[in-house]
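K.L.:
Could you have a look at this structure, given as structure tokens, before my questions?
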Amino acid sequence: MAILELQDVEKTFFSLETMTTAIENINLTIEKGEFISFIGPSGCGKTTLLSLVSGLILPTKGQIILDGVPIEKPTPETGYMLQQDYLFPWLSIEENILLGLKILDKTSKEEKERPIKLLEQLGLLDKLKNYPYELSGGMRQRVALVRMLSTDPELLLLDEPFSALDYQSKLKLEDLVFSTIRAHKKTAILVTHDIGEAIAMSDRIILLAGRPGRIQNEFIIPKQLSQELPFKVRTSDTFNSLFQKIWKEMESSEESS
Amino acid sequence: MKNHRKEMLQEYKKKEKKKRGWIKLSQLTILVSFFLAWEVTTALRWLDPLLFSSPSRVWALFLDRIQDGSLFFHTSVTLFETVLGFILGTGVGIIIAALLWWSPFLSRVLDPYLVILNSMPKVALGPILIVGLGPGFTSIIFMGALISVIITTMVIYSAFKGVDDNYLKVIQSFGATKFQSFSTVIFPACYPTMISTLKVNVGLSWVGVIVGEFLVSQQGLGYMIIYGFQVFNFTLVMLSLVIIAILATCMYQGVELIEKKLIRHH
């Protein structure tokens with residue numbers, strides 16, 4: 001069943017001096033439970049695409065349909081995770097992860113239990129009363145993951161969530177995010193410029209070409225890889241051949257443009 | 001193994017304590033020698049005691065004025081006006097800043113007027129205030145507020161605008177309304193700026209109120225200064241100055257207390 005449909009989506013930004021078309025002709029269907037990655041060179045409109053799906057900005061043409069309803073503004077159906085954790089420094093970890101529920105006015109005891117339990121699963125229950133500055137980068141990003149999942153969104157939007165971390169934390173967090181998302185049977189869209197990360201985590205990779213951004217190609221990751229934990233995928237033989245294939249495709253698109 | 005660390009810690013603490021002691025001592029020395037020099041130079045008539053008074057004269061006058069109750073009266077009038085002007089100026093400034101943040105249209109419309117009002121010397125409006133609101137404490141309070149309100153608006157508004165958009169993205173992705181975005185993100189993110197504005201405004205509202213009292217010339221510490229000046233009683237002027245210095249410092253300390261409560265984790 002399709003959870004998200006992008007129909008002929010285009011986004012152009014206007015200013016008095018210029019107008020810039022960030023993306024055009026985007027047609028895409030994402031199935032429920034799928035893990036999709038958008039990769040491409042910088043300036044190919046990956047983040048614009050994600051902002052469109054989140055409802056933070058609206059397309060200039062075409063429409064985006066989430067669960068049968070066109071997106072017109074941000075909905076609690078989608079969760080958003082950014083490059084940096086953007087935890088609110090003046091709130092404790094507990095207040096940070098309960099913020100979404102507070103906004104939605106869902107403050108019953110049962111509702112609050114979900115994020116607290118999730119925090120426990122990620123091994124951070126003892127940090128409940130701490131403040132963000134007392135945590136390491138990897139821990140903070142884990143808290144951000146809990147915050148995103150606190151309102152139980154169906155569709156998760158991940159905007160390069162690992163790019164600000166050191167390599168070791170990044171690999172660990174990839175496994176953690178992957179297994180958490182799979183365990184909760186969520187649909188996810190990951191934006192990244194890291195080919196390896198895209199292969200390790202996704203079911204399907206959408207390669208975008210730049211200026212204006214459009215879909216250039218699509219790669220399906222074989223089932224036996226997409227079911228494995230990202231760290232394990234990185235060590236397999238198929239990983240390398242896929243990497244080469246996508247790399248070449250990206251190179252050729254940059255040369256032609 | 002661990003013992004030598006403990007010893008070093010003790011040593012470090014001792015050193016640090018000593019350093020702090022020296023700083024406090026030096027501060028006290030400056031204060032005492034200032035008053036001492038003032039007393040001695042005027043007693044020896046190196047400085048004219050008619051113009052510069054002396055600590056002993058100020059002290060005598062202080063006791064005298066406490067007994068007849070006039071000092072308490074004037075001080076409380078001024079303190080009341082200053083605190084009210086301070087709260088009014090800061091509060092209204094923050095409210096206007098919030099309105100400007102809320103409506104970009106309004107902020108673009110009002111931008112040139114804010115610039116003009118900001119560069120205007122507010123105390124020059126004093127006579128108009130007195131004509132409009134009457135020569136009483138209302139116009140003096142307005143003076144104290146007016147002098148800080150525009151700069152507060154400008155500083156806080158630019159702080160509101162400067163909050164990282166990604167924080168807004170986070171909250172909006174939960175479906176937050178504009179009001180929720182303001183109250184949970186924009187406002188608390190600007191506590192540090194608000195505190196530093198409060199600190200500046202303590203000084204500004206004193207300026208406004210004292211000038212206001214100069215002009216109205218009925219009561220308060222500003223009146224005591226201008227009256228002492230006119231009848232050539234500089235002991236009265238000095239007494240007022242010392243009291244203002246003490247009160248302004250207390251207010252500043254009060255703001256720092258708020259700061260400690262409000263900004264524990266920024």
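K.L.:
Select from the range B:158-192 the residues that are open to solvent by 40 Å² or more (accessible area, probe 1.4 Å), away from chain A (no Cβ under 11 Å) and touching a residue at least 12 places away in the same chain (Cβ under 8 Å) and list them in ascending order.
P.N.:
B:Lys161, B:Lys178
K.L.:
For the range A:62-78, name all the residues that are at the interface with chain B (Cβ under 9 Å from one of its Cβ atoms) and among the β-branched types (Val, Ile, Thr).
P.N.:
Across the range A:62-78, the qualifying residues are A:Thr75, A:Thr78.
K.L.:
On to the next question. Out of curiosity, is A:Ser54 among the hydroxyl-bearing types (Ser, Thr, Tyr) and touching a Leu at 6+ places or on another chain (Cβ under 7 Å)?
P.N.:
yes
K.L.:
Then there is this: Mind counting the residues in the range A:128-146 that are touching a residue at least 40 places away in the same chain (Cβ under 8 Å), under 20 Å from B:Ile263 (Cβ atoms) and either touching a strand residue (DSSP E or B) at 6+ places or on another chain (Cβ under 8 Å) or surrounded by fewer than 19 Cβ atoms within 10 Å (Cβ to Cβ) (or both)?
P.N.:
Qualifying residue count for the region: 2.
K.L.:
Then there's this: Which condition from (1) open to solvent by 70 Å² or more (accessible area, probe 1.4 Å); (2) touching a Leu at 6+ places or on another chain (Cβ under 7 Å); (3) within 14 Å of chain B (Cβ to nearest Cβ) is the one that A:Glu111 breaks?
P.N.:
With respect to (1) open to solvent by 70 Å² or more (accessible area, probe 1.4 Å); (2) touching a Leu at 6+ places or on another chain (Cβ under 7 Å); (3) within 14 Å of chain B (Cβ to nearest Cβ), A:Glu111 is out only on (1).
K.L.:
Right, next: Being within 14 Å of chain A (Cβ to nearest Cβ), outside any helix (DSSP H, G or I) and surrounded by 14 or more Cβ atoms within 10 Å (Cβ to Cβ) is the filter here, so list the residues in the range B:230-264 that pass it.
P.N.:
B:Ile263
K.L.:
Can you tell me which residue within the range B:161-194, out of those that are modelled with pLDDT of 90 or more and part of a loop (DSSP other than H, G, I, E, B), is nearest to A:Gly79 (Cα to Cα)?
P.N.:
Out of the qualifying residues, it is B:Asp164.
K.L.:
Conditions first: (1) in contact with a Phe, Trp or Tyr (Cβ under 9 Å, 6 or more places away or on another chain); (2) surrounded by fewer than 24 Cβ atoms within 10 Å (Cβ to Cβ); (3) on the phi > 0 side of the Ramachandran plot. B:Gly220 passes all but one, so which condition is the exception?
P.N.:
Only one criterion is unmet by B:Gly220, namely (2).
K.L.:
Within the range A:211-230, can one find any residue that is under 26 Å from A:Leu122 (Cα atoms), open to solvent by 10 Å² or more (accessible area, probe 1.4 Å), of a type in the set (Val, Ile, Thr) and not in a helix (DSSP H, G or I)?
P.N.:
No, there is no match, as no residue in the range A:211-230 is under 26 Å from A:Leu122 (Cα atoms), open to solvent by 10 Å² or more (accessible area, probe 1.4 Å), of a type in the set (Val, Ile, Thr) and not in a helix (DSSP H, G or I).
K.L.:
Can you find even one residue in the range A:79-98 that is more than 10 Å from chain B (Cβ to nearest Cβ), open to solvent by 50 Å² or more (accessible area, probe 1.4 Å), more than 16 Å from the chain's Cα centre (by Cα) and in contact (Cβ under 8 Å) with a residue 40 or more places away in the chain?
P.N.:
no
The values are calculated or read from the model by the stated rules, or taken from the named source; none is laboratory data. Note that the coordinates shown come from a computational prediction; the quantities given were computed from them, not determined experimentally. Glycine gets a Cβ as well: all are built from the backbone with ideal geometry, and neighbour counts include every protein chain shown. Each accessible area value is taken on the protein alone, full model and side chains, heavy atoms only, with ligands, DNA and RNA left out. Shrake-Rupley method; radii C 1.70, N 1.55, O 1.52, S 1.80 Å.
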